[in-house]
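S.K.: Starting off with a structure, shown below.
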Amino acid sequence: MNRQRRAVMKGLAAVSLTTLSGCGGDGGNSASGQQAEAGTVSGTLPAVKFRHGVASGDPLGDRVILWTRVSPMDVLERDAGQIPVSVVVATDPELTQVVTRQVVTTSLDSDFCVKVDAQGLQPNRWYYYQFSVGSQTSPVGRTRTFPTNKQAVERARFAVVSCSNYAYGLFSVYRAVSTQTDLDFVLHLGDYIYEYGPGEYGDYPGHEPNPPHEITELAHYRLRHAQYKADPHLQATHQQFPMICIWDDHESANDSYVGGAENHDEATEGAWSQRKSDAIQAYFEWLPIRAVESEPGRIWREFSFGGLIDLFMLDTRLEGRDQPVESMTDPKRFESARRLVSEAQMQWLQSGLENSSASWRFVGQQVMFAELNVARTLDAAETAGVADLNGFNGQLLSLNMDQWDGYVSDREKILTTLRDKQIDNTVIFTGDIHTSWANEIQYDPGNLAETPLAVEFVTPSVTSPGFPEDLAGPAAVAVRAANPHMKYVELKSPGFILVDVTRERTQSEFYYVRNITGEDEVGQLDSSKTKVVGVRAGDARIVEDEPVSRPRTVRTALFHPRIRERMA
């Protein structure tokens, strides 16, 4: 988001259990660290704490990334040297049924983060894991592997989150997600951290950004990630479920693209290439994401869930994006050479969609895909009683050119693939804009008789602000009136989407927290705001207000119990 829009929307540890197969590295920087022999560690061990909890991510059929960070306590970090860290993986919460035990090392080179690609696991299984340095132990984490395509699964459930600005309020949404009784994973669509300094974008008491200025280099990004990971509500989500994540712009700088960012001034902040490299390195160190060894910094990747789901995660931000245009009237946005993703990523996505044999094809990405007709929306806004039409116009324009509307040719390539190859059951999940949307995706949204090709569900934010209270209602009315393919629009409330998938339908349930300012209401949902939308197999028309789904309570509670939280 640019500054106008903000005002409106108010190594890798380089350690692994085994040599990584097709993954590893630090996302673009040389890795350091060593793998020690399996077993116990002898000798004098440093005093440490596990202040940042544990996390897991990128589950496959036989492996999952495990993450933690050790904080040296009896020496300065620069003097700590190599620290041996044990990791145990078991099938029970008490860690008595051990399936693997290894020792790895970490150091200042990787900011004392530890990432392990735990391999040789069984598919479609829940596991429990713990890190330790001698008798000093991390919390126990819970994670799982995905079912293989040979395993027939009938159902999946996951949460979708985005835009968690620590300076704007409490992570009540993360707490609400962590208490869900039955999720297979969490999908994070970006803006995991924000780069701003104090007072620039949020001033919630006690949540002042660390370091106390805009972050522009590696040490800064590491400190900001550490601050976020110290939050108990974020820790709780990571502790209970594996996460599949992508970055958006604020993990580097606002409105970033390949060659720069709106919030980067090379004259005062140095080369963009270095800042981008530093942001990527810190991201790969601090997030449970599997690196691609042959393509450092690549986050576009695919996951399969038992023949039920093929999930394609995109990078529409740093990998291929051209600089956004300034206006809807700029003809450059229609140019065929204009890119939001690289040619390689586009071909990978088109091929993946065409060759997928799963029941559903899901796309996880950053910015809104559906077309938003700004001119018609302004006309409808006047009818709906929006007082400040000039301000609303500025909001729409600044919002829209950052999205697929600013990169028409790339969007058309995907739509053409879906249409010409007759690819059905495609659902796009989007973050970025701090608001909730359910959109039918048509080749020509102006043709009301046209059959939709796909659907898009846009998740609300964790904390980042949506439209002002007095504008959100009329603006939502105007958007829907002018854009009939946009079936649900909510423009102000923080929350998350719970997605329940069967072979017959994909259902998205929008849940909203009561607030992000009250400590006594952290994690509490406002049931009066819950909205259910969905799509049935073979028909890309959105269905509204079906009953909420029910968790697989017996299975989850009996065989894969939650783990007890413990603050490190």
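The values are calculated or read from the model by the stated rules, or taken from the named source; none is laboratory data. Please read these numbers as outputs of a predicted model, since none were measured by experiment. Here the Cβ is made from the backbone with ideal geometry for all residues, glycine too, and neighbour counts use every protein chain on show. To get the accessible areas, we keep the full protein, side chains included, count just its heavy atoms, and leave off ligands, DNA and RNA. Shrake-Rupley method; radii C 1.70, N 1.55, O 1.52, S 1.80 Å.
S.K.: Considering region 242-276 alone, what residues qualify as being of a type in the set (D, E, K, R) and under 30 Å from Gly141 (Cα atoms)?
M.R.: Once the filter is applied, which keeps residues that are of a type in the set (D, E, K, R) and under 30 Å from Gly141 (Cα atoms), region 242-276 yields Asp248, Asp249, Glu251.
S.K.: Of the conditions (1) surrounded by fewer than 24 Cβ atoms within 10 Å (Cβ to Cβ); (2) assigned to a loop (DSSP other than H, G, I, E, B), Arg317 fails just one. Which one is it?
M.R.: Unmet condition: (1).
S.K.: Restricting to region 196-235, name every residue that is closer than 28 Å to Ala156 by Cα and buried (at least 22 other Cβ atoms within 10 Å of the Cβ).
M.R.: Lys229, Leu234, Gln235, listed by residue number.
S.K.: Phe185 - would you say it is among the hydrophobic types (A, V, I, L, M, F, W, C) and touching a Lys or Arg at 6+ places or on another chain (Cβ under 9 Å)?
M.R.: Criteria met by Phe185.
S.K.: So, one more: May I ask you to say which residue of Arg536, Arg503 is closer than 20 Å to Leu311 by Cα and in contact with a strand residue (DSSP E or B) (Cβ under 7 Å, 6 or more places away or on another chain)?
M.R.: Answer to the selection: Arg536.
S.K.: Follow-up. With the requirement that a residue be over 26 Å from Leu448 (Cα atoms) and not in a loop (DSSP other than H, G, I, E, B), what does region 326-349 give you?
M.R.: Across region 326-349, the qualifying residues are Lys332, Glu343, Ala344, Gln345, Met346, Gln347, Trp348, Leu349.
S.K.: Between Thr377, Thr383, which is polar (S, T, N, Q) and either open to solvent by 30 Å² or more (accessible area, probe 1.4 Å) or modelled with pLDDT of 95 or more (or both)?
M.R.: Only one candidate passes the filter, namely Thr383.
S.K.: Condition (residue is assigned to a strand (DSSP E or B), among the polar types (S, T, N, Q) and either at pLDDT below 95 or open to solvent by less than 10 Å² (accessible area, probe 1.4 Å) (or both)) applied to region 83-90: is it met by at least one residue?
M.R.: no
S.K.: Also, I was wondering about something else. Kindly establish whether Pro468 is over 29 Å from Ile193 (Cβ atoms) and open to solvent by 30 Å² or more (accessible area, probe 1.4 Å). First the steps, then the outcome.
M.R.: Working: over 29 Å from Ile193 (Cβ atoms): no; open to solvent by 30 Å² or more (accessible area, probe 1.4 Å): yes.
Against the criterion (over 29 Å from Ile193 (Cβ atoms) and open to solvent by 30 Å² or more (accessible area, probe 1.4 Å)), Pro468 does not qualify.
S.K.: Find the residue count for region 252-285, including only residues that are within 24 Å of Glu326 (Cβ to Cβ) and open to solvent by less than 30 Å² (accessible area, probe 1.4 Å).
M.R.: Selection size over region 252-285: 11.
S.K.: Given the conditions (1) buried (at least 24 other Cβ atoms within 10 Å of the Cβ); (2) part of a loop (DSSP other than H, G, I, E, B); (3) more than 22 Å from the chain's Cα centre (by Cα), and given that Ala475 satisfies all but one, which numbered condition is not satisfied?
M.R.: Every listed condition holds for Ala475 apart from (2).
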